[in-house]
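Colleague: The structure follows.
The values are calculated or read from the model by the stated rules, or taken from the named source; none is laboratory data. If you're wondering where the values come from, they're calculated on a predicted model, not measured in any experiment. Cβ sites come from the backbone with ideal geometry, for glycine too, and all protein chains shown count toward neighbours. The area values use the complete protein model at the heavy-atom level, side chains included, leaving out ligands, DNA and RNA. Shrake-Rupley method; radii C 1.70, N 1.55, O 1.52, S 1.80 Å.
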Amino acid sequence: MSRMKLGVLVSGRGSNLQALLDAATDPTWPAEVALVLSNQPGVQALDRAAAAGVPAAVIDHRDVAARAAFEAALDAALRDAGVELVCLAGFMRVLSADFVARWFNRLVNIHPSLLPAFPGLDTHARAIKAGVRWSGCTVHLVRATVDQGPILIQAAVPVLPEDRPEDLAARVLTAEHRCYPRAVAWLASGRWTVVGDTVRLADPAPVSRRVHLNPVG
Ligand code: GRF
């Protein structure tokens, strides 16, 4: 079986990268991590790539004068590695509309909220402040607007009364690690189409798009 080649863009800890690397150890999972690119040197995500024996490189945005040049370097590295799907996994640079267009429907992101609620930064603190009872994560196709695009998969987790942002973050992160490999598997299967702002999945059990992590769900 030929597996879809993933490029994973990271900036830090890389736990979602790890989830993808772990999924790829199963030969029946339909994708493999072909390249990890970090815009930050020395981050844990690079150690994870090395431990998994996956090629990795740093393209430091501070070394590249303009965003266009930074993105051209990313694009060239991804294409050289034969990448077919780009996964943003805690990548802390906003990509231009031009880059998004070049990887249209082949660029996916994970965000730690139930989009369209709470896009952007400080997600968990904002969710707690807003008093929502549920939060979660979203894997979506990337569009030019940050944290917006057709949703592939979501998982909900409860927000508990005493939660601090770090408590909620940890609960959501567990959900992220289950959702990202599943969403990538769907994308790699090719059994999906984009209709307007939504993704239609040709799946015999569509209810599994909602990952229930908690019996109260
Ligand atoms: C995750 O919460 C992800 O949803 C967000 O950034 C965080 C990255 O964590 N985009 P990690 O680097 O994958 O551990």
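Colleague: Kindly work out what percent of the DSSP beta bridges joining two residues of the chain are antiparallel, to the nearest 5.
Modeller: Counting DSSP beta bridges with both partners in the chain, the antiparallel share is about 45 percent.
Colleague: Can you compute the radius of gyration and Dmax for region 155-206, using only the Cα atoms, both in Å?
Modeller: Cα-based Rg and Dmax for region 155-206 come out at 14.9, 42 Å.
Colleague: Run the accessible area of the chain with a 1.4 Å probe and give the carbon-and-sulfur part as a rounded percent.
Modeller: Carbon and sulfur: 56 percent of the exposed surface of the chain.
Colleague: Rounded to the nearest whole Å², what accessible area per residue is found for the chain with the 1.4 Å probe?
Modeller: That works out to 47 Å² for each residue.
Colleague: Another one. With the crude spin-label approximation of a point 7 Å out along Cα→Cβ, what separation in nm comes out for Trp134 versus Glu166?
Modeller: Those two pseudo-labels are separated by 2.8 nm.
Colleague: Show me, for region 148-155, the HN-Hα J-couplings you get by feeding each phi into the Karplus relation (A = 6.51, B = -1.76, C = 1.60, θ = phi - 60°), rounded to Hz, glycine and proline as x.
Modeller: With coefficients 6.51, -1.76 and 1.60, one gets 9, x, x, 7, 8, 7, 9, 9 Hz.
Colleague: Would you grab the residues whose amide H sits under 5 Å from the one on Gln148? Only those 5+ places off in sequence or on another chain, please, with H modelled 1.01 Å from N.
Modeller: Sorted by chain and number, the residues that satisfy this are Arg143.
Colleague: Another one. What accessible surface, in Å², does a 1.4 Å probe find on Phe118, ignoring ligands, DNA and RNA and rounding to the nearest 10?
Modeller: 40
Colleague: Out of residues 5 or more away from Asn39 or on other chains, whose amide H comes under 5 Å of its own, with H placed 1.01 Å from N in the peptide plane?
Modeller: Close amide H contacts, sequence-distant or interchain: Val10, Ile59.
Colleague: A follow-up question, please. Place a +1 charge on the Cβ of each Lys and Arg in region 4-212 and a -1 charge on the Cβ of each Asp and Glu, then give the dipole magnitude about the Cα centre in debye, rounded to the nearest 20.
Modeller: The dipole magnitude comes to about 460 debye.
Colleague: Only loop residues by DSSP count here, and only those with at most 12 other Cβ atoms within 10 Å; note down the trypsin sites (Lys or Arg not before Pro) in region 70-174 that meet that.
Modeller: Here the trypsin sites (Lys or Arg not before Pro) that fit, given the DSSP loop and packing criteria, are Arg133.
Colleague: Pop a pseudo-label 7 angstrom from the Cα along the beta-carbon direction at both Gln44 and Ala202 and give the gap in nm to one decimal.
Modeller: Here the answer is 4.0 nm between the modelled labels.
Colleague: Go through region 96-103 residue by residue and turn each phi into a ³J(HN,Hα) via Karplus (6.51, -1.76, 1.60, θ = phi - 60°); whole Hz please, and just put x for glycine and proline.
Modeller: 6, 4, 5, 5, 4, 5, 5, 10
Colleague: Further, regarding this structure: Of Ala52, Gln148, Trp192, whose Cα points farthest to the positive end of the dipole of the chain (charges on the beta-carbon: +1 Lys, Arg; -1 Asp, Glu; origin at the Cα centre)?
Modeller: Looking along the dipole axis, the top candidate is Trp192.
Colleague: Please name which of Ala19, Val157, Phe91 has its Cα lying farthest along the dipole of region 4-212 towards the positive end, using unit charges on Cβ (Lys, Arg +1; Asp, Glu -1) and the Cα centre as origin.
Modeller: Positive-most Cα among the choices belongs to Val157.
Colleague: Please list, in order along region 43-58, the HN-Hα scalar couplings obtained from phi with the Karplus expression 6.51 cos²θ - 1.76 cosθ + 1.60 (θ = phi - 60°), rounded to whole Hz, x for Gly and Pro.
Modeller: In residue order, the calculated couplings are 8, 4, 4, 5, 5, 5, 4, 4, 4, 8, x, 9, x, 9, 8, 9 Hz.
Colleague: Still on this structure: So for the pair Phe104, Ala76, with labels modelled 7 Å out along Cα→Cβ, what separation do we get in nm?
Modeller: So the two model labels end up 2.5 nm from each other.
Colleague: As I understand it, the dipole of the chain uses +1 on the Cβ of Lys and Arg and -1 on the Cβ of Asp and Glu, about the Cα centre. Which of Trp103, Ala77, Val64 lies farthest toward its positive end?
Modeller: Trp103
Colleague: Still on this structure, please answer the following. What number, in nm² with one decimal, is the all-direction average of the projected area of the convex hull of the alpha-carbon atoms of the chain?
Modeller: Orientation-averaged projected area of the Cα hull: 12.3 nm².
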